[in-house]
1. Residue by residue through the range 28-36, what is 3J(HN,Hα) from phi via Karplus (6.51 cos²θ - 1.76 cosθ + 1.60, θ = phi - 60°)? Round to whole Hz and write x for glycine and proline.
2. Can you list the residues, at least 5 places off or on another chain, whose amide H is less than 5 Å from the amide H of LEU65, using H built in the peptide plane?
3. For VAL43, what charge total do you get from the other residues with a beta carbon under 10 Å from its beta carbon, if Lys and Arg give +1 and Asp and Glu give -1?
4. What whole-number value in Å² describes the accessible area per residue of the range 21-116 for a 1.4 Å probe?
5. Report the calculated FRET efficiency for ALA47 and THR99 (r = Cβ-Cβ distance, R0 = 35 Å), to the nearest 0.05.
6. Rg and Dmax of the range 22-111, Cα atoms, in Å?
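The values are calculated or read from the model by the stated rules, or taken from the named source; none is laboratory data. Note that the structure is predicted; figures quoted are calculated from it, not measured. Here Cβ is always computed from backbone atoms with ideal geometry, including for glycine, and neighbour counts include all displayed protein chains. Areas reflect the complete protein model, heavy atoms only, side chains present, ligands, DNA and RNA absent. Shrake-Rupley method; radii C 1.70, N 1.55, O 1.52, S 1.80 Å.
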Amino acid sequence: MTAPLLLAACVDKADLPRPVAQGDPLEGLAVIRQSGCSVCHAVPGVAWPKGRSAGDLAGFGAKPLIAGRLPNQPEILMRWVIDAPSLDPDTAMPPFALTRDQARHVAAYLYSLDDQ
Ligand code: HEC
């Protein structure tokens, strides 16, 4: 099982963290609180709940891949946050009724989490 590691090693991380045009990280944190992301994920900046059924989002901005298999780029992350099953029908990450602007802010916040 070395293939995913090799793939990750090939991704250029030189331009991290990724800027999200017109994304506001603070708005993103507010959307994350309202949407209940932390029911499943531990999210830095959200004290409670700190869900453990999905991964801790600390350090997510420095990851080359989303969920270990999709390129971690703004457009793909926005689509993931709105409708992850459209990218992978088998994922346990549910879709959310978010606008593109809300997803853009969420992406901006997630990309600020690059400290791991
Ligand atoms: C019902 C539980 C649940 C909720 C609520 C949830 N997620 Fe997820 N999320 C998951 C699961 C499970 C995965 C792993 C998916 C996979 O590997 O297919 C995931 C994966 C992710 C990833 C990829 C993480 C990584 O390390 O690569 C991100 C980013 C993410 N979720 C963001 C969010 C955001 C933002 C919200 C709120 C809008 C949210 N999630 C709400 C279950 C949830």
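1. After applying 6.51 cos²θ - 1.76 cosθ + 1.60, I find x, 5, 5, 5, 4, 4, 5, 7, x Hz.
2. Amide H neighbours of LEU65, under 5 Å, 5+ apart: ASN72.
3. My count for the surroundings of VAL43 gives +1.
4. On a per-residue basis, 54 Å².
5. According to the calculation, E is roughly 0.85.
6. For the range 22-111, the Cα radius of gyration and maximum Cα-Cα distance read 11.8, 31 Å.
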